[in-house]
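We did not get these values from a lab; they are worked out from the coordinates using the rules stated. Since the structure is predicted, the reported quantities are computational estimates derived from the model, not experimental observations. So basically every Cβ, Gly included, is an ideal-geometry build from the backbone, and we count neighbours across all protein chains shown.
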Amino acid sequence: MSLRRGERAIEALLFLCALASVGTTAGIIVVLAVETFAFFGEVSIVEFLTGTEWTPLFATKHFGVLPLLLGTTVVSVIALVVAVPTGLLSAIYLSEYAPERVRRVVKPVLEILAGVPTVVYGYFALTFVTPLLQQWLPGLSGFNALSPGIVMGLMILPLVSSLSEDAMRAVPRGLREGAYALGATRMQTALQVVVPAAFSGITAAVILAASRAIGETMIVAIAAGQQPRFTANPFVPIETMTAYIVQVSLGDTPQGTLEYRTIFAVGMLLFLMTFALNLLSSWLRARFREEYN
Amino acid sequence: MTTDVRPLPPTLSSVVRAGTPVAETAPVKIDVRNLNFYYGQKRALDGISMAIHANRVTAFIGPSGCGKSTFLRTLNRMNDIIPGARVDGSVTIDGHDAYGSGVDVVSLRRQVGMVFQKSNPFPKSIFENVAYGLRINNLTRSKAEMAERVEESLRAAAIWDEVKDRLHESALALSGGQQQRLCIARALAIRPDILLMDEPASALDPIATQRIEELVYDLKKAYTIVIVTHNMQQAARVSDYTAFFWLGRLVEYGRTDRIFTAPAEKLTEDYVTGRCG
């Protein structure tokens, strides 16, 4: 079958559009890889992965990424501690308890939270949540991991609740009826039958949220401080991997120097972490879909 | 009437003989009076009254959408979970009003077990599927007692020999017929008095269907069974009583052999002989 010339042109155009995003991704990976490779020509990979001091911008340079990694971990864990229980409970409410009218209003409102620009969350953390927390926690610094962690938890909450709710609603009604028919209450049905049946979907939601928290930049750049510290203490200023990349990008570090290349090494690590989590998440979701076809 | 061309297994041929008219000695287990059921504004059941006898198999037949499944689900209040559903009239089980104000739906459903059209094992192990009802209702005191009840239920559902060596594997790995018998075992584990079966064999092949039918025959010694079926041969084979539903009404109800050989209503005769529906 032969296509007319116009159709061929359209097909070519569509192909180029598709290629653009794939090409961009490939380009990012190549740039990251090239610069990272150059970085590890000068700095030992062992020092990078095991060192506990991160001072590439100082006279005495140390390239241990662990303080940044720990900073990212502390903030992300706080965010998940806020988002996972709240998100799951609201998903259970929306999927198992809420009347259809309530669900139709609450779910979109919750999803609006996801549309708020992160810079707004950042200043919300710095100028509202931190002062509020300081009233109860006098030892809390103006910049800290706790406040941006909590606010980031609020930001990823809709992601957790919305995706978990989708997973729970995909559980066949027959399973719920099977539980009710054995004398299960609504709560028992929700917690013991629906949640386990939706487990892989819920896990996928949580992992996606974790990946989002790890990659989140603006909130931590604004409210967490810029002091790479090897500490799990959430009350003092720290620096995350993303915040460090912002710091260098906004500064006057000359291109091609070792300091400049640090952001690519950190960026590569960040990319690998979120990429692995996203892969895990989509693998879990695919498995979930298979179970109930 | 249409006759079954398949040869009946020995246990089942006796079922058909059991339908000869004799005075009913079994007490009334479920007494339904003037029951109406509404989905929103739509009336799905219209003034149903019938008495279902203990230790008998009662079959509900009728075309799709005639209300037979809806009626079955009013007997254990399974329709309660449907938004906009409403019931009036009365359902009395062992002399107690199932829709009374002080009734605990959970204990009602413990007394009135249910098996569904599509087998619905939980995504848990075979053992845990059967143990689930025992756990949530705190029916056993020790692990040993739990294991005993699980085995007893699996034996009663005629599936023990097939699964005894893999009790801790996922129930989802079983075949369709095995899953359905597992669901029957799950329903039996909490020792209900009444077992409601909503087209339990409609998704199964003839061999699996025959096993379910034999099981129904065995189970009626201990349980009152109400079975919805779209298969008239099945109704004739397994049931003592048959109720014919049409457009939300109960058209005719009586001994299965009479319904199939000498129906009082023209509509029933047309349906059981395959002239309509």
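Rounded, prolate or oblate: which one fits region A:1-108, using the alpha carbon gyration tensor with axes a ≥ b ≥ c (rounded when a/c is under 1.5, else prolate when a/b beats b/c, else oblate)?
Note, shape of region A:1-108 comes out oblate.
Local charge sum around B:L167 (other residues, Cβ-Cβ under 10 Å, Lys/Arg +1, Asp/Glu -1)?
-2
Let me spell out the model: positive unit charges on the Cβ of Lys and Arg, negative unit charges on the Cβ of Asp and Glu, origin at the Cα centre of chain A. What dipole size does that give, in debye rounded to 20?
920
In straight Cα distance, which aspartates and glutamates are under 15 Å from A:K107, not counting same-chain residues fewer than 8 positions off?
A:E96, A:E165, A:D166
When the helix-only estimate is applied to chain B (DSSP H runs of n ≥ 4, each -39,500 (n - 2.57), divided by the residue count), what is the mean residue ellipticity at 222 nm, nearest 500 deg cm²/dmol?
Numbers: 11 runs with 99 residues, N = 277.
Value at 222 nm, helices only, nearest 500: -10000 deg cm²/dmol.
Please give the charge dipole size of the protein assembly as shown, origin at the Cα centre, charges +1 on K and R Cβ atoms and -1 on D and E Cβ atoms. Round to the nearest 20 debye.
Charge dipole, the protein assembly as shown, about its Cα centre: 1080 debye, nearest 20.
Within a Cβ distance under 10 Å of B:K220, other residues only, what is the Lys/Arg minus Asp/Glu net charge?
Neighbour charge sum, excluding B:K220 itself: 0.
What order do you get for B:F122, A:F58 when you list them from fewest to most C-beta neighbours inside 10 Å?
A:F58, B:F122
Seen from all sides and averaged, what is the projected area of the convex hull of the Cα atoms in chain A, in nm²?
If you wrap the Cα atoms of chain A in a convex hull and average its projections, you get 22.5 nm².
Return the percentage of antiparallel bridges among DSSP beta bridges fully within the protein assembly as shown, rounded to the nearest 5 %. Write out the running numbers ahead of the final one.
Details: 26 of 43 bridges.
In the protein assembly as shown, approximately 60 percent of DSSP beta bridges are antiparallel ones.
Could you name the aspartates and glutamates whose alpha carbon sits less than 17 Å from that of B:K221, not counting residues in the same chain fewer than 8 places away?
Partners found: B:E24, B:E152, B:D193, B:E213, B:D240.
Dipole size in debye (nearest 20) for chain B around its Cα centre, Lys and Arg Cβ +1, Asp and Glu Cβ -1?
In total the dipole reaches around 320 debye.
Name the residue from B:V106, B:P200, B:L35 whose Cα lies farthest towards the positive end of the charge dipole of chain B, charges +1 on Cβ of Lys and Arg and -1 on Cβ of Asp and Glu.
B:V106
Round to a whole angstrom and tell me the spacing of the C-alpha centers of region B:213-237 and region A:232-273.
The two parts, judged by their Cα centres, are 71 Å apart.
If we restrict to alpha carbons, what Rg and Dmax does region B:100-145 come to, in Å?
Here Rg and the maximum Cα pair distance are 13.1, 38 Å.
Does chain B come out rounded, prolate or oblate by the C-alpha gyration tensor, with a ≥ b ≥ c the root eigenvalues, rounded set by a/c under 1.5 and, if not, prolate when a/b is larger than b/c and oblate if not?
Verdict is oblate for chain B.
Give the distance, in whole Å, between the Cα centre of region A:62-76 and the Cα centre of region A:167-224.
Rounded to whole Å, the Cα centres lie 29 Å apart.
Going by how many other beta carbons lie within 10 Å of each one, how would you line up A:M168, A:M155, B:M50, fewest first?
B:M50, A:M168, A:M155
Which lysines does B:K118 reach when only Cα atoms under 20 Å apart count, and residues fewer than 8 places away in its own chain are ignored?
B:K68
State, as an integer percentage, the relative contact order of region A:66-291 based on alpha-carbon contacts under 8 Å between residues 6 or more apart.
This gives 31 percent for region A:66-291.
Among A:F199, A:A243, A:Q226, whose Cα projects farthest towards the positive end of the dipole of region A:66-291, with charges put on the beta-carbon of Lys, Arg (+1) and Asp, Glu (-1)?
A:F199
Mean separation of Cα pairs under 8 Å and 6+ residues apart, divided by the residue count of chain B: what relative contact order is that in percent?
Dividing the mean separation by the residue count of chain B yields 29 percent.
For region B:142-232, what does the relative contact order come out to in percent, with C-alpha contacts under 8 Å and a separation of six or more?
30
Can you check what the net charge comes to around B:L35, using other residues whose Cβ is under 15 Å from the Cβ of B:L35 (Lys, Arg +1; Asp, Glu -1)?
+2
Per residue, how big is the convex hull of the protein assembly as shown when only Cα atoms are used? Give it in Å³.
Per residue, the Cα convex hull of the protein assembly as shown comes to 260 Å³.
Quickly estimate the mean residue ellipticity at 222 nm for chain A, helices only: each DSSP H run with n ≥ 4 gives -39500 (n - 2.57), and the total goes over all residues, rounded to 500.
Values: 12 runs with 199 residues, N = 293.
The helix-only estimate for chain A comes to -22500 deg cm²/dmol at 222 nm.
I'd like to know which of A:S164, A:A98, A:L269 lies farthest towards the positive end of the charge dipole of chain A, counting +1 on Cβ of Lys and Arg and -1 on Cβ of Asp and Glu.
Among A:S164, A:A98, A:L269, the one farthest towards the positive end of the dipole of chain A is A:A98.
How would you rank A:C17, B:C276, B:C183, B:C66, going from fewest to most other Cβ atoms within 10 Å of each one's own Cβ? Working shown, then result.
Working: A:C17 9, B:C276 12, B:C183 29, B:C66 24.
In increasing order of surrounding Cβ atoms, one gets A:C17, B:C276, B:C66, B:C183.
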